[in-house]
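So the structure is just underneath, and the comments pick up after that.
The values are calculated or read from the model by the stated rules, or taken from the named source; none is laboratory data. If you're wondering where the values come from, they're calculated on a predicted model, not measured in any experiment. Every residue, glycine as well, gets a Cβ built from its backbone with ideal geometry; the counts of neighbours run over all protein chains shown.
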Amino acid sequence: MSKSILERFRLDGRVALITGAGQGIGKAFAIALGEAGAKVAIADMRAELADQVSHELEQQQVQAFPSRLTWLILKVWKPWSQR
């Protein structure tokens with residue numbers, strides 16, 4: 001018997017970086033990818049929203065990492081863009 005569609009799209013062992021994950025569709029994607037097995041990096045301009053979503057995911061046994069989006073841009077994108 002073949003695997004179900006959900007089994008084919010498991011994300012175990014992967015990390016998903018979701019920007020704008022503090023609310024709305026970004027939050028929905030963070031939850032969905034976490035349920036699919038990914039570790040989720042929650043990035044949002046409002047740190048308190050990122051913390052809240054991260055806490056909600058951890059309550060569901062999903063490993064989540066909150067990050068303020070401005071920090072992510074300064075630490076990751078800016079040095080990369082100067083190459």
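Worth a mention:
- Per this entry, residue 24 is counted among residues that are over 9 Å from the mean Cα position of the chain (by Cα) and modelled with pLDDT of 85 or more.
- Residue that is modelled with the lowest pLDDT, among those in region 1-12 that are surrounded by fewer than 10 Cβ atoms within 10 Å (Cβ to Cβ) and over 13 Å from residue 40 (Cβ atoms): 1
- Among the residues of region 19-38, those identified as touching a strand residue (DSSP E or B) at 6+ places or on another chain (Cβ under 9 Å) and more than 15 Å from residue 60 (Cβ to Cβ) are 19, 20, 22, 23, 26.
- All positions within region 13-47 that are exposed (fewer than 12 other Cβ atoms within 10 Å of the Cβ) and without any contact (Cβ under 8 Å) to a residue 12 or more places away in the chain: 24, 25
- With respect to (1) of a type in the set (Gly, Ala, Ser); (2) at pLDDT below 90; (3) crowded, with 16+ Cβ neighbours inside 10 Å, the lone exception for residue 81 is condition (3).
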